[in-house]
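The values are calculated or read from the model by the stated rules, or taken from the named source; none is laboratory data. Remember, predicted model here, so these are calculated numbers, not experimental data. Virtual Cβ from ideal backbone geometry, glycine too; neighbours counted across all protein chains shown.
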Amino acid sequence: MSRETEQYLDDMRRACRKVLRYDAPCEDTIRKYMVKPKNPRGKSATWLPFLRNHLDVSWAMDFFTVTTLRFATLYVFLILHHGRRGVAHFAVTSNPSMRWVIQQLREAMPYGHQPRFLFRDNDGIYGNGVGDLLDSCRIEKVRTAYRCPWQNPFVERFVGTLRRELLDHVIVLGQGHLERLLREFIEAYYPPARPHQGLDGDTPIPQPPADAPIPGPTKLIATPILGGLHHRYHRVAA
């Protein structure tokens, strides 16, 4: 029974008790006289179970902006793999367009490496061309509702992480500077060194267990990343 039907039946029972002052008839009796749809749809999975059930075959794409030292606005385009929370592709531009987005999608999917589902919002920059490209690649686009960023949670969470752990600590000088910062964070720190709660404490690139035996005495090595803003730690033989 749908939520609307349950609400209707509850309202009818309350009305019977209050107005007519007698108990409402059985639900089956009421349902017998209700209008039935000609082509009833089956029950569909809710949004979050759909996300969890298709992690390994889903990507998400999104834009966010960064302001430079001279108050210029740069647009960062991200494509995130849901399964391991890895960044499949990123690019920076000062003048995004539909053709530019299409080119970035092509670069993100070389040699047939593509998802089954691609989550996206309703940004007007995608136009009709992005949808046509996805249809030609047999990728099912999943559009989130308006003003519902929670429906695209993984890429939104990554953007928040990127701001808190990188962009809030530096002043971006220009497009080249931003690209270098993002490349070092995304390639040198985020996949091999940053643990994730959604991955049970693992990193996007799986690491050997911490208790893996190393013959002889060992020592802990710290490798600075992003000028010492972050570090990668690994144990090696002394």
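Residues in the range 147-160 that are free of Cβ contacts under 8 Å to residues at least 12 places away in the same chain and either aliphatic (A, V, I, L, M) or part of a helix (DSSP H, G or I) (or both): 150, 157, 160. Restricting attention to the range 163-185 and to residues that are in a helix (DSSP H, G or I) and either in contact with a Phe, Trp or Tyr (Cβ under 7 Å, 6 or more places away or on another chain) or of a type in the set (S, T, N, Q) (or both), the residue that is nearest to residue 83 (Cα to Cα) turns out to be 182.
Among the numbered conditions (1) modelled with pLDDT of 85 or more; (2) over 22 Å from residue 89 (Cα atoms); (3) of a type outside the set (Gly, Ala, Ser), the only one that residue 181 does not meet is (2). The residues on offer are 66, 142, 57, and the sole one that is in contact (Cβ under 8 Å) with a residue 12 or more places away in the chain, β-branched (Val, Ile, Thr) and under 23 Å from residue 206 (Cβ atoms) is 57. Among the conditions (1) closer than 15 Å to residue 144 by Cα; (2) at pLDDT below 95, the only one that residue 63 does not satisfy is (2).
Considering only the range 85-96, I want to know if a residue exists there that is among the polar types (S, T, N, Q), at pLDDT 95 or above and in a loop (DSSP other than H, G, I, E, B). If you could, list the steps in order and put the result at the bottom.
Just the residues of the range 85-96 that are among the polar types (S, T, N, Q), to begin with: 93-95.
Now narrow it down to the ones that are at pLDDT 95 or above: 93-95.
Then keep just the ones that are in a loop (DSSP other than H, G, I, E, B); that gives 94-95.
Within the range 85-96 (the criterion being among the polar types (S, T, N, Q), at pLDDT 95 or above and in a loop (DSSP other than H, G, I, E, B)), the answer is yes, since at least one residue qualifies.
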